[in-house]
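The values are calculated or read from the model by the stated rules, or taken from the named source; none is laboratory data. Owing to the predicted nature of the structure, the values given are computational and were not obtained by experimental measurement. Ideal geometry is used to build each Cβ from the backbone, glycine not excepted, and the neighbour counts take in all protein chains shown.
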């Protein structure tokens with residue numbers, strides 16, 4: 001990540017918090033079992049401002065000091081580095097991550113009070129880490145104890161999301177470059193799964209192909225646990241066991257995206273494991289696709305995610321009425337949400353460093369207008385698991401999801417090269 005870009009982000013934070021201090025702790029280590037840890041991933045906000053990915057660290061950004069960026073990190077430790085790899089240390093935090101000043105994380109409790117003296121506002125997320133909360137509250141108490149010497153303390157604590165998360169909503173060119181790369185890797189993985197799937201393959205075998213393609217192409221990790229749902233499992237929105245063996249005639253729903261440079265992709269495709277849709281499957285598939293294309297048409301500056309969602313709902317409700325799965329008329333079906341048993345989630349969410357990325361969805365009680373540089377998903381689906389569904393459709397699950405960038409005059413579908421029309425999907429399955 002470019003050092004100048006990181007410095008500019010921190011400068012924007014300084015301006016936004018003035019007069020105040022922003023404090024971000026690192027993501028905690030999580031124990032998987034006994035003394036084995038889960039794979040570590042840094043807190044997105046801290047990484048966004050520093051590019052620093054080590055645990056047991058913290059960032060302080062002040063608008064009131066010349067040394068505006070202070071980092072607390074693990075000290076170098078040759079013995080531990082033999083086991084866990086090299087650490088940046090205090091020197092590396094300054095040299096490689098833009099800190100004006102750096103200290104050992106063991107000194108945070110001692111040095112934090114001085115950084116909070118005569119600071120009216122502290123931007124810190126209360127309640128996320130109770131142990132760290134105690135450290136912060138203790139530091140404030142120590143500053144308050146110096147009131148008789150004319151020292152003031154933070155009289156308000158503000159969620160840093162009001163600053164950092166709003167910065168992250170609009171993607172910079174370098175961020176979009178990472179997201180395009182993530183989508184490109186994800187494209188290759190989805191197309192490989194379509195090409196290699198055959199009746200009898202297990203869901204976990206297809207998951208293995210996804211994960212291998214991600215790592216083979218330089219992705220650090222999946223952006224989320226891949227969902228591979230075949231047959232009736234495709235109607236389970238967050239199916240994660242991925243343990244069923246496919247049979248001839250199944251649809252397979254694959255919701256999977258990789259992370260590249262700390263930026264996520266999020267793509268879903270549904271395909272016939274036998275290589276061809278039957279008539280009923282294709283009818284449901286093309287209804288979902290029609291809904292998705294209608295929603296993508298709504299993605300432009302000034303529209304809202306409510307507009308995008310409404311476009312999908314209108315198409316799906318109309319189609320469900322025509323199929324006899326819900327009662328019309330359309331206006332009543334929409335008002336009473338009669339489609340909800342078969343389409344129960346929203347159509348879009350923000351996408352960025354987190355797969356469900358940060359940023360407000362509403363402003364002043366109204367749906368937030370889309371702006372150039374925002375990236376969203378568009379992902380309608382139908383999940384026909386209910387016993388009331390006629391047999392030809394019962395057990396079918398279809399979701400189609402793309403990653404979409406809002407541009408100055410409309411939108412760009414970042415994942416457009418992943419087969420999506422019924423004919424293109426069938427060709428990809430025969431590749």
Might you check whether a residue that is outside any helix (DSSP H, G or I) and either within 25 Å of residue 289 (Cβ to Cβ) or assigned by TED's automatic domain parsing to the domain that holds residue 40 (or both) occurs anywhere in region 203-211?
no
Can you work out which of the residues in region 136-160 that are part of a helix (DSSP H, G or I) and in contact with a strand residue (DSSP E or B) (Cβ under 9 Å, 6 or more places away or on another chain) is nearest to residue 352 (Cα to Cα)?
160
Starting from region 397-419, keep only residues that are within 30 Å of residue 387 (Cα to Cα) and assigned by TED's automatic domain parsing to the domain that holds residue 285, then list their pairs with residues that are part of a loop (DSSP other than H, G, I, E, B) and at pLDDT below 95 whose Cβ atoms are within a distance under 8 Å, requiring at least 6 positions of separation or different chains.
397/385
Every listed condition ((1) in contact (Cβ under 8 Å) with a residue 40 or more places away in the chain; (2) loosely packed, with under 14 Cβ neighbours inside 10 Å) holds for residue 137 save (1)
If I filter region 97-110 for residues that are touching a residue at least 40 places away in the same chain (Cβ under 8 Å), in the same structural domain as residue 154 (by TED's automatic domain parsing), buried (at least 20 other Cβ atoms within 10 Å of the Cβ) and under 25 Å from the mean Cα position of the chain (by Cα), do I get at least one hit?
yes
Given the options 215, 241, name the one that is part of a loop (DSSP other than H, G, I, E, B), assigned by TED's automatic domain parsing to the domain that holds residue 266 and surrounded by fewer than 18 Cβ atoms within 10 Å (Cβ to Cβ).
241
If residue 327 satisfies every condition in (1) under 20 Å from residue 267 (Cβ atoms); (2) surrounded by fewer than 15 Cβ atoms within 10 Å (Cβ to Cβ); (3) in contact with a helix residue (DSSP H, G or I) (Cβ under 8 Å, 6 or more places away or on another chain) but one, which is the exception?
(1)
Of (1) part of a loop (DSSP other than H, G, I, E, B); (2) without any contact (Cβ under 8 Å) to a residue 60 or more places away in the chain; (3) touching a helix residue (DSSP H, G or I) at 6+ places or on another chain (Cβ under 9 Å), residue 1 satisfies every one except (2)
Check 192, 166 and return the single one that is without any contact (Cβ under 8 Å) to a residue 60 or more places away in the chain and part of a helix (DSSP H, G or I).
192
For residue 126, state whether it is touching a residue at least 24 places away in the same chain (Cβ under 8 Å) and either at negative phi or under 31 Å from the mean Cα position of the chain (by Cα) (or both).
yes
Matching strands (runs of 3 or more DSSP E) fully within region 12-105 where at least 3 residues are in contact with a strand residue (DSSP E or B) (Cβ under 7 Å, 6 or more places away or on another chain)
21-25, 58-62, 69-73, 101-104
Report those strands (runs of 3 or more DSSP E) wholly inside region 345-412 carrying at least 2 residues which are out of contact with any helix residue (DSSP H, G or I) (no Cβ under 9 Å at 6 or more places or on another chain).
402-407
Run down 380, 392 and say which single residue is over 21 Å from residue 267 (Cβ atoms) and in the same structural domain as residue 315 (by TED's automatic domain parsing).
392
The residue from 11, 77 that alone is closer than 24 Å to residue 263 by Cα, surrounded by 12 or more Cβ atoms within 10 Å (Cβ to Cβ) and without any contact (Cβ under 8 Å) to a residue 60 or more places away in the chain is 11
List the number of the failed condition for residue 362; all other conditions in (1) in contact with a strand residue (DSSP E or B) (Cβ under 8 Å, 6 or more places away or on another chain); (2) surrounded by fewer than 23 Cβ atoms within 10 Å (Cβ to Cβ); (3) under 30 Å from residue 166 (Cβ atoms) hold.
(1)
